[in-house]
Structure formats: structure tokens, C-alpha cells
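**Q** Could you have a look at this structure, given as C-alpha cells, before my questions?
Read-outs throughout are calculated quantities, based only on the coordinates presented, and are distinct from any laboratory measurement. Please read all numbers here as calculations on a predicted model, not as lab measurements. Backbone-built Cβ (ideal geometry, glycine too); neighbour counts: all protein chains shown.
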Amino acid sequence: MTRERFVVHVPVLATDLAAAKRFARTITRSLGVLPDVDPAETTVSEEDAQGVRHRVFCDARLDGAGRCARPDDHDGPCVPPRR
């Protein structure tokens with residue numbers, strides 16, 4: 001059977017976009033142990049503007065180490081995800 005990619009939308013309450021992104025990082029890291037979860041593609045949107053997505057992780061490609069696991073707007077060098 002061929003597998004397809006899907007996006008799971010889970011509404012949460014947060015005080016602002018920054019708090020929602022922190023919450024999304026926490027959820028994603030918790031689910032990151034599952035092989036079928038793609039943390040690098042995590043985004044957040046406001047409920048009434050779901051077409052406007054805000055990246056949660058940097059997502060820069062690292063030589064042989066996957067993608068950067070730091071927040072999207074991080075300072076300093078990129079780091080590989082924990083394995």
C-alpha cells in the first residue's frame with residue numbers, strides 16, 4: 001500500500017503567535033520519536049487565517065545531518081536534530 005503525506009491540524013489556545021510557536025515546538029518534539037512525523041515542516045497559523053503559515057523550526061539543510069532543529073528566528077549557528 002502506498003503511503004501519502006497528510007497535515008494534522010490541532011487547534012490550541014495561546015496568548016500570541018510566539019507562544020503558539022513554542023507550544024508547537026513542544027508538541028513536535030514530543031512526537032519526534034515517531035518515524036512518520038516530519039518536525040521540519042511544522043507551521044502555525046491563526047484560526048481565521050489558516051492560509052498564512054508561520055514556520056516553527058529553522059529548517060536549514062545541514063550537511064549529512066538532516067535539518068536545523070532550532071527555532072525559525074534563531075541567533076547563532078544551526079544545530080542538527082537530536083536522535
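**Q** Mind checking which residues of region 13-70 are assigned to a loop (DSSP other than H, G, I, E, B), in contact with a strand residue (DSSP E or B) (Cβ under 9 Å, 6 or more places away or on another chain) and not acidic (Asp, Glu)?
**A** Ala14, Thr42, Val56, Cys58, Ala60, Cys68, Ala69, Arg70
**Q** Scan Arg25, Arg61, Arg70 and give me the residue that is out of contact with any His (no Cβ under 8 Å at 6 or more places or on another chain), charged (D, E, K, R) and over 26 Å from Glu4 (Cβ atoms).
**A** Testing whether each residue is out of contact with any His (no Cβ under 8 Å at 6 or more places or on another chain), charged (D, E, K, R) and over 26 Å from Glu4 (Cβ atoms) leaves just Arg70.
**Q** A further question follows. Out of the residues in region 1-44 that are among the polar types (S, T, N, Q) and touching a helix residue (DSSP H, G or I) at 6+ places or on another chain (Cβ under 7 Å), state the one that is nearest to Arg67 (Cα to Cα).
**A** Thr42
**Q** Sticking with this one: Could you tell me whether Ala65 is surrounded by 10 or more Cβ atoms within 10 Å (Cβ to Cβ), in contact with a Lys or Arg (Cβ under 6 Å, 6 or more places away or on another chain) and small (Gly, Ala, Ser)?
**A** For Ala65, the condition - surrounded by 10 or more Cβ atoms within 10 Å (Cβ to Cβ), in contact with a Lys or Arg (Cβ under 6 Å, 6 or more places away or on another chain) and small (Gly, Ala, Ser) - is not met.
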